[in-house]
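Asks: The structure that follows is given in the form of structure tokens.
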Amino acid sequence: MTAFPALLGQRLRRDGVQLVLWTAGTALLASLTYVSVGQAYGTEQSRASILAVVMANPVIMLFRGLPSGAGEGAFMLFLIFPFLALLAALMSSFLAVRHTRGDEEAGRAELVAATRAGRRAPLLATLAHGVLANLVLASLTAVALAATGLAVRGSVVSGLAAGAVGLTFLGVGLVAAQLMRTSSGANSLAVWILMLSFLAAGIGNALGTPSTDLQRIESSWLTWLSPFGWGEQTRPFAEDDVGPIVLCTGFAVLLAAVAVALQSRRDLGASFVPERHGRSEAPATLSSPIGLVARLSRPSIIGWGVGGLVTGILATTLAAVIRDIGADNPALERIMQAIAGGVDMEQGTVVVFFTMLGILAACCAVQTVCRARQEEVHGTAELMLSTPVDRARWLASFMVMAFVGIVVVIGAALVGAAAGLASRNGDWSLLGDVAVTGAGQIAAASVFVVVTAVIFVVAPRLTIPLGWALVLISMVLGLFGPLFGFPDWAVRLSPTGVAPTVTSDGVDVQGLWWLLAAVVAGGALALGLMRRRDLAPAG
Amino acid sequence: MVSVIAVRGLAKHFGRVHALDGLDLDVGEGQIHGFLGPNGSGKSTTTRVLLGLARATSGTVEVFGVDPWREAAALHRRIAYVPGDVSAWPNLSGGETIDFVARLRGVHRHERAYRLERERLMEAFLFDPHKKGRAYSKGNRQKLALIAAFAVPAELYILDEPTSGLDPLMAMVFQHEIARVREGGATVLLSSHILSEVEQLCDVVSIVRAGKVVESGTLADLRHLTRTEVSFAASDASPLASVPDAHDLRVEHGRARFTVDSDRVSSVLPALTALHVEGLRIEPPSLEELFLRHYGDDVAVVDHGGAPRTRREAAAR
Ligand SMILES: Nc1ncnc2c1ncn2[C@@H]1O[C@H](COP(=O)(O)OP(=O)(O)OP(=O)(O)O)[C@@H](O)[C@H]1O
Ligand SMILES: [Mg+2]
């Protein structure tokens, strides 16, 4: 076991910055929520009335936690706990896969397993690494909450509950990594389980039994199938029950034991879920660079498309709900007005959801363009560019596919929104707003295609970190900027912020021309510069 | 002879690293040209420049008379390439990858000649086209690249260590394919570390060191650059005085030894006959020795008595 400290140290060094971002980000989210809850729902009475609305429209609970009373802390955790736990869970499952199957796939594990470390030490080091990461996340979150003046005990329980959910998904990630052959396969298995349990907790709460004063929900059995549900059952600041934390941890230990057992029964690099055999001849679609890019991006574009569909359905179905809540809650109305800019609450909801949709589409676009960089690093770009394929045409195929991805995501959202409207008994008044905002977001997301492409050409090594960072910044500026009172010019720096939307006096298309100009100029710049660029394979 | 590749004073810098530093290279039509050099000497960088994947920092590069950086895509219609590090798309099967590359190189989907050729190569190389790219071993990835390169006819084959990772049987299949394309009049630039393979296949070799070609010529030419070692039984150095052209004379372990320029061996024979020497041994330089002289800095290990390493060094003395 002498290799253990070295392996753990190597993991901590490799993930250092990333873990700081995940854990501090979670704590920051907790503390920002406290501030905005304080502003929007300052009084116990306003919180109680919101909870009553929630009981009347249980669908809201799909995206919120478990109502446990109108106390300040309890209410705030109702709003934010699932997202704190979600961050911990994503951090943990990615971490687990990265250091086990990821290393194995890259061949690094073989190098390590041939030393004294053996085959088990890397797995145990990953486990310890994940436990440490979740402890840090739990402590930072607890400190962030306690620092706002909330009760210490509740703060600690909240932090531990989020960390415990993280631990469970550390176990899920470790087992998924044993089962699947590739790290992307293991990551998608873990994320699917994560999404399903997230939904199970929400649906279980929505199906639960409200108390007579409409302040508290007794979850249905479905919630008890989900680690997210367990975390919520701690009911921080209301009951501070630590039992579910023990349950999560116990389950995590069980999963870790399963992972160790599986590991000792398989060869290095092998998997329990066998790989499907490929076809021996390429299909007709695989005849051009864009055919290949389509093939490579198809699964992820479908994933983002499903996200778009759900967002679209929510946008129109929740519009009426939010209008009702807003009628009772002037603070919420102010927030919606700030983002959507002086339209009625229903239109406002559509605008807010479609702004989020724009971010979703931008993510899809950035991911697709980043594939060019991955191909370059992996060496497959060299293979393709040694055939009669022009460099610029090669890059262009990624850009075109990214644009297709955007259209798919937004198209799916429009279909979802139409379905949502269809359920409103012939009230199609929002259709125009939906179409205009959706089209506007296509233009906004397209800016990310060309911006990422320009980064790829000019500073290839920065493509992936900078590409994603810009989406994040744009989201903060465009979606939360108005809320946090950022100056107007800052908000309008973000493509999402200038996209054409519906305003009280019609459609504001002025931003559209800017966006289109940016897309054309950026696209020409990227392709023009690509003609003069070397292949830069080294990572 | 028509020149297919003509490189003059090629330099390629990566920041402060001078990967290529004034490299000259000429490959004539129909030649099988061996490209040798130690690790990191710049062979792969040269092939990338020749394909227009990397831009020369300075110097002129012409492939089929055009600048590969400007005309990359058009040139690639005439070129087949096997990269030094073969990587395949992890979620494409081997068969799909081969078809895809072939189609990019202009083959139509139902082209009969291509399909037959593909089948023949897969059989010859014992290649399973069903597996996904990530499941192939190093040798199988290499076969994948070779099949993709040979399945579509080309005028110039640029092969960067094409047999690394192949078993000896597969290396034979490769040599067979080279013989086939040579028959068809194609030109081959073959970078390799396997000297026996180079000796067998190549008409001409160029040796690179630290980004420069330090030697270029036919194998026979190169052999003549070094000295042959002659030795016979003797107790002292007195008989050596009568031998013409002898260098590095010495007596060790009861044998007299000297070296002679390889093209002058016949001229020392009369003197040796006159001396009635016994236990005569004449050792021409092995190919290995030839290359080792160029490969390492520490040539003392292989350097019998300080023969000049290259013609240039000889001239400088
Ligand atoms: N993209 C790059 N960035 C920085 N340095 C590079 C890059 N590509 C190559 N080099 C350097 O250029 C030099 C030549 O490398 P090259 O790959 O051409 O060598 P090689 O002769 O093919 O070696 P080998 O026999 O190991 O394949 C090396 O020192 C290498 O480190
Ligand atoms: Mg090389």
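The values are calculated or read from the model by the stated rules, or taken from the named source; none is laboratory data. Everything quoted here is computed from the prediction, not taken from an experiment. Don't worry about glycine lacking a Cβ; one is built from the backbone with ideal geometry, like all the others, and counts go over all protein chains shown. Accessible surface is based on the protein model in full, side chains and every heavy atom, while ligands, DNA and RNA are left aside. Shrake-Rupley method; radii C 1.70, N 1.55, O 1.52, S 1.80 Å.
Asks: Give me a single rounded figure for A:389-395: the average over its residues of other chain Cβ atoms within 10 Å of their Cβ.
Replies: Numbers: counts 5, 4, 4, 1, 1, 1, 0.
Mean partner-chain Cβ count within 10 Å for A:389-395: 2.
Asks: Using only protein heavy atoms and a 1.4 Å probe, how much accessible area in total is buried between A and B, to the nearest 100 Å²? Write out the running numbers ahead of the final one.
Replies: On the way: alone 23670 and 15750 Å², together 35830 Å².
Accessible area lost upon association: around 3600 Å².
Asks: Sticking with this one: When N counts the residues of the stretch A:4-263, how does its alpha-carbon radius of gyration compare numerically with 2.2 N^0.38 Å, as a ratio? If you can, show how the numbers build up before the last one.
Replies: Details: Rg = 19.0 Å, N = 260, 2.2 N^0.38 = 18.2 Å.
Ratio of Rg to 2.2 N^0.38 Å for the stretch A:4-263: 1.04.
Asks: Here is a further query. Give me the compactness ratio for the stretch B:78-198, meaning the Cα radius of gyration over 2.2 N^0.38 Å. Each step should come with its number before you reach the end.
Replies: Values: Rg = 13.3 Å, N = 121, 2.2 N^0.38 = 13.6 Å.
The reported ratio for this selection is 0.98.
Asks: Next up: Per the helix-only calculation at 222 nm, which mean residue ellipticity applies to chain A, given -39500 (n - 2.57) for every DSSP H run of n ≥ 4 and division by its residues, nearest 500 deg cm²/dmol?
Replies: Numbers: 21 runs with 391 residues, N = 539.
Calculated at 222 nm, the ellipticity per residue is -24500 deg cm²/dmol.
Asks: Are there residues in the stretch A:263-288 whose accessible area shrinks by at least 30 Å² when all protein chains are included rather than the chain by itself, and which are they (probe 1.4 Å, ligands and nucleic acids not counted)?
Replies: A:Glu275, A:His277, A:Gly278, A:Arg279, A:Ser280, A:Glu281, A:Ala282, A:Ala284, A:Leu286, A:Ser287
Asks: Obtain the nm distance between the two label points defined at B:Arg16 and B:Ser235 by a simple spin-label model: each point lies 7 Å from its Cα along the Cα-to-C-beta direction.
Replies: 6.2 nm
Asks: Still on this model: What full-extension length gain, to one decimal in nm, is calculated for A:Leu529 and A:Ser423 as 0.36 nm per residue of separation minus the Cα-Cα distance? The partial results should precede the final answer.
Replies: On the way: separation 106, 0.36 × 106 = 38.16 nm, distance 4.98 nm.
Stretched out fully, the A:Leu529 to A:Ser423 stretch lengthens by 33.2 nm.
Asks: While we're here: Summarise the accessible area of the protein assembly as shown (1.4 Å probe, protein heavy atoms) by the percent that is carbon and sulfur. Each step should come with its number before you reach the end.
Replies: Values: 22410 of 35830 Å².
That share works out to 63 percent.
Asks: On to the next question. Return the sequence-ordered ³J(HN,Hα) values of the stretch A:124-134 in whole Hz as given by the Karplus equation 6.51 cos²θ - 1.76 cosθ + 1.60 applied to θ = phi - 60°, using x for Gly and Pro.
Replies: After applying 6.51 cos²θ - 1.76 cosθ + 1.60, I find 5, 5, 5, 4, 4, 4, x, 4, 4, 4, 6 Hz.
Asks: Volume per residue, Å³, of the convex hull around the alpha-carbon atoms of chain B? Spell out each step's value before the answer.
Replies: Working: hull volume 52.1 nm³, N = 317.
That works out to 164 Å³ per residue.
Asks: Given the whole protein assembly as supplied and a 1.4 Å probe, what does the accessible area of A:Asp433 come to in Å², nearest 10?
Replies: 20 Å²
Asks: Still on this structure: For the stretch A:398-453, just the Cα atoms, rotate onto the principal axes and tell me the three extents in Å, largest first.
Replies: For the stretch A:398-453, the Cα spread along each principal axis is 45, 15, 10 Å.
Asks: What do you get for trypsin sites (Lys or Arg not before Pro) in the stretch B:48-140 restricted to DSSP loop and a cutoff of at most 13 other Cβ within 10 Å of the site's Cβ? Kindly include the intermediate steps, with their values, before the conclusion.
Replies: Values: sites: B:Arg48, B:Arg55, B:Arg70, B:Arg77, B:Arg78, B:Arg103, B:Arg105, B:Arg109, B:Arg112, B:Arg115, B:Arg118, B:Arg120, B:Lys131, B:Lys132, B:Arg134, B:Lys138; in loops: B:Arg55, B:Arg70, B:Arg105, B:Arg109, B:Lys131.
Loop-located and lightly packed - B:Arg70.
Asks: How much length is gained on full extension from A:Val273 to A:Val306, taking 0.36 nm per residue of separation minus their Cα-Cα distance? Could you put the intermediate results ahead of the total?
Replies: Values: separation 33, 0.36 × 33 = 11.88 nm, distance 2.52 nm.
Additional length available on full extension: 9.4 nm.
Asks: If you count, for every residue in A:449-460, the Cβ atoms of partner chains within 10 Å of its Cβ, what is the mean?
Replies: Details: counts 0, 0, 0, 0, 0, 0, 0, 0, 0, 0, 0, 0.
The per-residue average across the peptide is 0.
Asks: Using θ = phi - 60° and the Karplus relation 6.51 cos²θ - 1.76 cosθ + 1.60, list the HN-Hα couplings for the stretch B:137-150 in order, rounded to whole Hz, with x at every Gly or Pro.
Replies: Result, ordered by residue: 6, 4, x, 6, 4, 5, 4, 4, 5, 5, 5, 4, 6, 8 Hz.
Asks: What are the semi-axes of the equivalent ellipsoid for chain A, taken as the square roots of 5 times the Cα gyration tensor eigenvalues, largest first, in whole Å?
Replies: On the way: eigenvalues 272, 235, 80 Å².
Semi-axis lengths for chain A are 37, 34, 20 Å.
Asks: Moving on to the next point. Take every residue in peptide B:144-153, count the Cβ atoms of other chains within 10 Å of its Cβ, and give the average of those counts.
Replies: Values: counts 1, 1, 0, 0, 3, 1, 0, 0, 1, 0.
What the average comes to for B:144-153 is 1.
Asks: Here's another thing I want to ask about it. From the convex hull of the Cα coordinates of the stretch A:62-124, what is the mean projected area in square nanometres? The partial results should precede the final answer.
Replies: Numbers: hull surface 24.0 nm².
Dividing the Cα hull surface by four gives the mean projection, 6.0 nm².
Asks: Ranked by accessible surface with a 1.4 Å probe, highest first, in what order do A:Trp230, A:Trp394, A:Trp489 come? Don't jump to the answer; show the numbers that get you there.
Replies: Numbers: A:Trp230 25, A:Trp394 0, A:Trp489 175 Å².
From most accessible down to least: A:Trp489, A:Trp230, A:Trp394.
Asks: For A:Arg119 and A:Leu196 in one chain, what is 0.36 nm times their gap in residues minus the Cα-Cα distance, to one decimal in nm?
Replies: On the way: separation 77, 0.36 × 77 = 27.72 nm, distance 3.17 nm.
So the chain would gain 24.6 nm between A:Arg119 and A:Leu196.
Asks: A further question on this structure: Mind grabbing the accessible area of B:Ser242 for me, 1.4 Å probe, Å², rounded to tens?
Replies: 70 Å²
Asks: Assuming R0 = 35 Å, can you tell me the calculated FRET efficiency for the pair B:Leu219 and B:Thr60, based on Cβ-Cβ distance, to the nearest 0.05? Display every interim value, and only then the final one.
Replies: Details: r = 28 Å, r/R0 = 0.79.
With a Förster radius of 35 Å, E is 0.80.
Asks: Show B:Asp26, A:Asp508 ordered by accessible area, largest first, where the area counts protein heavy atoms only and the probe is 1.4 Å.
Replies: Numbers: B:Asp26 75, A:Asp508 50 Å².
From most accessible down to least: B:Asp26, A:Asp508.
Asks: Hey, another quick one. Calculate one ³J(HN,Hα) per residue across the stretch A:197-202 by plugging θ = phi - 60° into the Karplus curve 6.51 cos²θ - 1.76 cosθ + 1.60, and present them in order as whole Hz with x for glycine and proline.
Replies: 6, 4, 5, 4, 4, x
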